[in-house]
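Have a look at the structure below before the remarks.
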Amino acid sequence: MGVLFLLNVDTAKIFIKKQQFRLFYGKFNEKILRRLLKNHKRTASSQTSIFFAIIESRLDVMFFRRRLIPTIYSCHQFIHHFGLEVNNNLENCPQIQVNIGDIISIPSLF
């Protein structure tokens, strides 16, 4: 908390919100966040709902929302190690975007 005292109030609020975002959604580093925000600003209006729709359509977040695995970190790790089938193709990249109508299934490893 000592670092926050050196920052002004607006910067500290932004820093705290960014940390909350990263804790909730998991494996987002600065480069990924900046790229997503840059694409969002270029393609869409200033609505935050569109930005969160992009984030929520990631494979790891979709798998986490089904409550099959307890944390987003473990979902990320599960997809890396075992993969998920998206439209009968084995995917082991948790960052891919899932579209409406895609069929997600757990491979027959278990």
Compute the normalised compactness of region 57-110: alpha-carbon radius of gyration over 2.2 N^0.38 Å, N being the residue count.
-> 0.99
Point-charge dipole on Cβ atoms (K/R +1, D/E -1) for region 57-110, about Cα centre, debye to 20 | 220 debye
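Readers should treat all values here as calculations from the given coordinates under stated rules, not as data from a laboratory. Not measured: the values here are computed from a predicted model. Virtual Cβ from ideal backbone geometry, glycine too; neighbours counted across all protein chains shown.
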